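One structure below.
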Amino acid sequence: MSPARRLRRLGALLRKETLQIVRDPSTLLIAMVFPMILLFIFGAGINLDSSVVPLGVVAQDGSPEARRFVDTLAGSPSFRVVTSSSVDAASDRLRAGEVRGFVVIRDGFGQQIIDGHATTPGVLVVTDGAEPNTASFVDAYVRGTYAVWLREEGASRGAAPLEALSIESRAWFNPSTTSRNFLLPGSVTIIMTVVGALLTALVVAREWERGTMEALLAAGISRFELVCSKLVPYFVLGMIAFGICTGLTVWVFDVPFRGSLGALLLVAGTFLGSALGTGLLLSTALRSQYNAAQAALNAAFLPAMMLSGFVFETSSMPAVLRHVTRIVPARYFVTAMQTLFQAGDVWPVLRSALLGLSLAAFAFLGATFLLTKRRLQ
Amino acid sequence: MTATLIRLFGLVKKELEAILGDKQSLRLLIMPVLLQTLLFPFAATLEVKNNTIAILDEDGGALSAEVVQRLTHTPAFTRVVRVGSEAEARDWLDTQRALIILRFGPEFSRSAARGEPEPIQAILDGRRSNSAQIGMAYVQAVLRDVPLAAGEPAAVPGLVTRHWYNENLEYYRFIVPSLVAIITTLSALVVTAMSVAREREQGTLDQLLVSPLTPGLIFLGKAAPALVVAVLQSTLILLAGIYGYGIEFRGSIPLLYACMVAYVGALVGVGLLISSVCSTQQQAFLGVFFFVMPAILLSGYVTPVDNMPAWLERATWANPIRHFLAITKSVYLKGSTFADILPSVLGLVGIGVVTSGGALVIFHRRLS
């Protein structure tokens, strides 16, 4: 068959796929509306910075010092203090989730402050370990409040202030350390994985289930044409979704972008290729929409959520798992996106990311190509 | 009565065969659960480990050496690197080889000896700001114990912290119970929604609707596979949690399973509602995902519900995952009683009634 006819045939296939996409509202919904919803959730709902925490207080000591400390805690903008009459009552509240921690000011606290030393701790802080993030926060803030209060108490008493080593910190690349600034670029990764892998996961399987694959094969289409016709329209769709996400991130959420557009598109395109490859591979291998759907969720989406470094640091994972994350394409994309947004074109980082992404794309698309059957059986 | 039961039994049997009879399908139900339960508790950690901290020591005195020495022994920073200049430090941070830079000024040790220690300068990688801030907390914990002059006791005594239910704040203890909620949600919803959609595509849904089965029975029939899948997967995860990870189950197992039934009821309602407005399997799958993603994000799994703005927190009352996640964590880790989790249970029942009712109405309408 002459190249011109092949090209025309490819064009016809592309047109068919595009029409199928455009006529199915669910595809467009996922590619365009869904990213916007997710971004708004990430922008408004996901907040790793704690706001006001309900904190229980049990004052077993009635001294004026204890009362002053309780007042200081109550005055803190980070806590909403709930007093309990006993440790048991506070424990019940903790178990029911009404408070996320409680402070016990033990009998003898006031005397300790006056004397200036303690043999047993006068303050016990109990946190809800079932919410580790909040527990750390409660621990750190109560400690900090106590330290400041001690210093003021000592100062008002005329005693020499207890000096300790202090630290002043500032952050590069995200000076306000707004969690949004690093969450949103990362969340674009999740959205792209969904659009790339989930949409394509059903595409080939659907043709098998409906019997239209037989018609395509009977027309004598080459493997290249088949894979290409599935790939290209969804690539375009994916890049549109990417454009929407990035545009919203930069212009609506005011997340700074310090890299170059070229690098951004290059990275996004390569990642999309690997995501589409994952979906197509699953669809081709499994042939059942239902199974392909389950597999896509587990093989594409969940790893992107958990192992990409988006929320959970890859460096904190055990060595075995760190190696596993190397085969998760989303991991490279998250790194590249964070760098491009917050730092700019840091080429050593981008180069290794691009290498990982290209390898993944080639591997998945190559496997899809090899697995595509040209015959019925 | 017996006729109804026989019909129900036959329907449930058919549904279960569809889900469990196919080898590929069965493997996809079990394998991923095992993998995830194995991997994710190790992955989902907000602890900071295995990082590099770069030290720019312009002081060279005894105190800065003492601080660096103590930092070398923390698990958070496996590598402590000394850099010679600010430019070198910048480079380490830019390329993300170091998470934090600590800089000791030239007067550091001398100022501390005077009793007015100058602050140490720290620079964090804001791209990984969550980890960097946790790392800083570790650094500050180390600093707290450093005496200003040799032989003096450390500052700020008198306060001790206990983390209940999870003494060392190990994140995997928080993740495994959460996985019970998250993994079963995805599967139960996909199973329900796609089974209806598949029947519609294959034409068997109409056959079902003209059979003597009432919509109520059909609902129960559709709920069966979801319930079986949920119970199967959550049991696997629970076993892994209790015997594999050694996370003690402090509550009542029957209570947890009873809540699971309520939860599956709510999910089936949602799944049926979604599939009632979809005409193909793809739409059903994407529709489920459209619901599940935001629902998981806003359930308290990724970020505590307490951290959300007030209006959003109120909106999550309509999210069944939020309630079941709270129930699972409370019952598993804290040993909560029914009274403790009552608000969440009521939330689940409310959602179940509303969504199932809505789905039943829509299906009823299709019949007439």
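Okay, here's what the table says:
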| item | result |
| --- | --- |
| Kirkwood Rh (inverse of mean 1/r, distinct Cα pairs), the range A:223-264, angstrom | 12.1 |
| In Å², nearest 10: area of B:Cys278 left accessible to a 1.4 Å probe | 10 |
| Rounded FRET efficiency, nearest 0.05, which uses the C-beta distance separating A:Leu266 from A:Ala218 and R0 of 35 Å | 0.35 |
| Along principal axes, Cα extents of the range B:68-134, largest first, whole Å | 37, 27, 19 |
| Fraction of antiparallel bridges per DSSP, chain A only, in percent to nearest 5 | 35 |
| Beta bridges by DSSP in chain B, antiparallel share as percent, to the nearest 5 | 30 |
| Kirkwood-based shape ratio for the range B:196-264, expressed as Rg/Rh from alpha carbons | 1.19 |
| Rg/Rh for the range A:205-292, where both radii come from Cα atoms and Rh is the Kirkwood radius | 1.12 |
| Gyration tensor (Cα) of the range A:297-364, equivalent ellipsoid semi-axes in angstrom | 19, 15, 11 |
| With all protein chains modelled, accessible area of A:His323 [1.4 Å, Å²] | 110 |
| Solvent-accessible ranking of B:Thr37, B:Thr235, largest area first, probe 1.4 Å | B:Thr235, B:Thr37 |
| Rg/Rg_globular for the range A:251-377, with Rg_globular taken as 2.2 N^0.38 Å and Rg from C-alpha atoms | 1.17 |
| Within straight-line cross-link reach of B:Lys13, lysines at Cα separation under 23 Å, skipping those fewer than 8 residues along the same chain | B:Lys23, B:Lys222 |
| Part-to-part distance (alpha-carbon centres) for the range B:78-112 and the range B:310-346, which is given in Å | 45 |
| Pairwise label distance in nanometres, B:Phe9 with A:Met32, each label 7 Å out on the Cα-Cβ vector | 5.3 |
| Largest-first ordering by accessible area, 1.4 Å probe, given options A:Trp149, B:Trp164 | B:Trp164, A:Trp149 |
| Space enclosed by the convex hull of the alpha-carbon atoms of the range A:47-94, per residue, Å³ | 69 |
| Over the range B:233-368, relative contact order from alpha-carbon pairs under 8 Å, at least 6 apart, % | 40 |
| Diffusion coefficient, µm² s⁻¹, Stokes-Einstein with Kirkwood Rh over alpha-carbon pairs of chain B at 37 °C and 0.692 mPa s | 136 |
| Hits among aspartates and glutamates - C-alpha to C-alpha of A:Lys230 under 13 Å, sequence gap 8 or more where chains match | A:Glu17, A:Glu207 |
| Rh (Kirkwood; distinct C-alpha pairs) - the range B:291-368, Å | 13.8 |
| With Cα atoms, 0 to 90° folded angle of helix A:132-157 axis to chain A main axis | 30 |
| The range B:1-117: Rg to Rh, with Rh as the Kirkwood radius over Cα pairs | 1.52 |
| Distance histogram for the range B:234-368 (every C-alpha pair counted, 5 angstrom bins, percent rounded to whole numbers) | 2, 10, 16, 19, 19, 15, 10, 5, 2, 1, 0 |
| Of all accessible heavy-atom area on chain A, the percent that carbon and sulfur account for (1.4 Å) | 61 |
| Gyration tensor (alpha-carbon) shape descriptor, the protein assembly as shown, a/c threshold 1.5 | oblate |
| Fraction of the pair-distance distribution of the range B:230-302 above 15 Å, Cα-Cα pairs, percent | 68 |
| Nonlocal amide H pairs with B:Lys49, under 5 Å, H built at 1.01 Å | A:Ser316 |
| Buried accessible area, chains A and B (both chains, 1.4 Å probe, Å² to nearest 100) | 9600 |
| Between helix A:34-44 and chain A: long-axis angle, C-alpha atoms, 0 to 90°, nearest 10 | 10 |
| Estimated distance in nm for a label pair at A:Ala363 and B:Phe249, the labels positioned 7 Å out from Cα along Cα-to-Cβ | 3.7 |
| Nearest-ten-degree value, helix B:281-297 long axis tilted from longest Cα axis of chain B | 40 |
| Whether the range A:34-149 is rounded, prolate or oblate, judged on the alpha carbon gyration tensor where a/c under 1.5 counts as rounded | prolate |
| Percent of alpha-carbon pairs separated by more than 20 Å within the range B:169-326 | 54 |
| Reachable aspartates and glutamates from B:Lys49, criterion Cα separation under 16 angstrom, eight or more residues apart if same chain | A:Glu313, B:Asp125, B:Glu170 |
| Exposure ranking of A:Arg67, A:Arg258 by accessible area [1.4 Å probe, largest first] | A:Arg67, A:Arg258 |
| Quotient of Cα Rg and 2.2 N^0.38 Å for chain A, N being how many residues it contains | 1.36 |
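The values are calculated or read from the model by the stated rules, or taken from the named source; none is laboratory data. Bear in mind that the values here come from a model prediction, so they are computed numbers and not experimental data. Positions of Cβ are generated from backbone atoms using ideal geometry, with glycine treated the same way; all protein chains shown enter the neighbour counts. These area figures cover heavy atoms from the full protein model, side chains too; ligands, DNA and RNA do not enter into them. Shrake-Rupley method; radii C 1.70, N 1.55, O 1.52, S 1.80 Å.
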